[in-house]
1. Give the longest segment of the chain that steers clear of trypsin sites (Lys or Arg not before Pro) in DSSP loops with at most 16 neighbouring Cβ atoms within 10 Å, not counting the sites themselves.
2. As a test of understanding, state the convex hull volume per residue of region 98-191 from its alpha carbons, in Å³.
3. Sticking with the crude label model, points 7 Å out along Cα→Cβ, report the distance from R254 to D175 in nm, one decimal please.
4. Looking at region 130-270, I'd like the Rg to Rh ratio, where Rg is from alpha-carbon atoms and Rh is Kirkwood's inverse mean 1/r.
5. Give me the orientation-averaged projected area of the Cα convex hull of the chain, in nm², one decimal.
6. What is the list of residues in region 63-105 whose amide nitrogen lies under 13 Å from a point 7 angstrom out from the Cα of E25, following Cα to Cβ?
7. Using helices alone, what [θ] at 222 nm do you get for the chain, with -39,500 (n - 2.57) per DSSP H run of 4 or more residues, divided over all residues and rounded to the nearest 500?
8. Testing the spin-label approximation: label points 7 Å from Cα along Cα→Cβ at E50 and F112. State their distance in nm.
Amino acid sequence: MKICIYGAGAIGGYLGAMLGRTDAEVSLIARGAHLKAMRENGLTLLMDGESTTVSVKATDNPAELGPQDYVIIALKAHQAWEVADQMTPLLGPDTAVVTAQNGVPWWYFYGFEGQYANLRLESVDPGERQWRAIGPERAIGCTVYPATEVVEPGVIKHIYGDKFGLGEPTRQETDRVRVLSELFEAAGLKAPINPEIRNDIWLKLWGNLCFNPISALTRATLDVVATDPGTRALARNMMLEAQTIGRRIGVHFRVDVERRINGAAKVGAHRTSMLQDLEKGRQLEIDALLTCVQEMGRMVAVDTPHIDAVLALVQQLGRTQGLYPVYPEPNGDTAIGVD
C-alpha cells in the first residue's frame, strides 16, 4: 500500500513517523530545511520520553512518487488550495485523498441531497480549484486531535493525543475508509470511523472559529480567552451564531456551548495555532475557520454580527502584517482574502 503525506510538518511528520512502523510504503512531501534533515538523518519522533528515528522517502516533487493509494493532506487549508494542481501526479484512478485539516473542508457539501447538494464554498476553495483538480469523490474526511510540534528540522515532538476521526462525505462505511482505519490502528493510532464526520468537524470548528482569532487579536492564551468575562462572552456569542447555522444544514452538536468553552479552558495556557502563526510570521488560517462560517450564514439567512466583527478585525490584522493570503478572482484580478 502506497501512502503519501502531503505536508510533513507537525501533524504530517507525526503521521509519517507512526505509519512508518507499518508495512505501508510511506512518502512525505516537504520542503526547505525540514526536507533536507529528513533526507540526511531520517524523521525523528519524540514521544513518551523516547526518541525514535525512521527512514522515510521525502521529496518536494510529487512527480517522483507516482500514483498513491492514499494521499493525506496535512497542510493548512490555504496551503492545500495553493498546491492542489501539484497533487495530480499522485492521483491514480482509485486514489483517496484524506483531508487532515482544521476547519470546513472544500468538499463539505458533496454527498448532500436537496438544495445544498454539491454546493461549492468560495471562501475555502476559490475558483473551485480543489474541487476540479482533486475531485470530491476522492475525499475522506479526517478530524485531527493530537497536538505535536516541529522542534527542529526533521524532529517532531508529540505532546498529547493519538486520535484521528475518519469518515466518508457520503456517510457510507466503504472498504477504503475501513482499510485506512485499520492501517492507522496498526500504527498505534486511534482511528474511529464516523459516518457523521461533519459533526466531528463542526465540534472542532466550533472552538477554532472563536478561540483562534480572539487569541490572535489579544495575544491571550486559551485559558484566558475562555475565562475572562469579556472574551468568554464574545466566544459564546460567536459559537451560538455558528450553532444556528450548523443546525440549519443538519449538524448535531453533542455538547452545549458552556461545556465546549469549559473544555477549552481546561487545556490551560495553550497558544492557539493562529496565535503561533502570527508570532512566527506565517500566513493566518482565517477562511477555513471563520470566513466559511460567515459564507454559510449568508447562505441560510442567519445573521452573524459577532462573527462578522471578529472576522473583519482578524482579516485586517492579517493584511497589515502581510499574513493573509491573496487569492485570484475568477476574472483574473486579485482580492485580499474572501469576504
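1. Looking at the chain, 32-170 is the longest stretch - no exposed trypsin sites (Lys or Arg not before Pro) with at most 16 other Cβ atoms within 10 Å.
2. In region 98-191, the Cα hull volume divided by residue count equals 128 Å³.
3. Modelled inter-label distance: 2.9 nm.
4. Taking Rh as the inverse mean 1/r over Cα pairs, Rg/Rh reads 1.01.
5. Result: a mean projected hull area of 16.3 nm².
6. Residues 64-70 qualify, since their backbone N sits under 13 Å from the label point.
7. It lands at -12000 deg cm²/dmol.
8. Between E50 and F112, the simple spin-label model gives 4.6 nm.
Rule-based calculations on the coordinates, nothing more; no lab input. All figures in this text were calculated on a predicted structure; none of them were measured in a lab. Cβ atoms come from the backbone with ideal geometry, glycine included; neighbour counts cover every protein chain shown.
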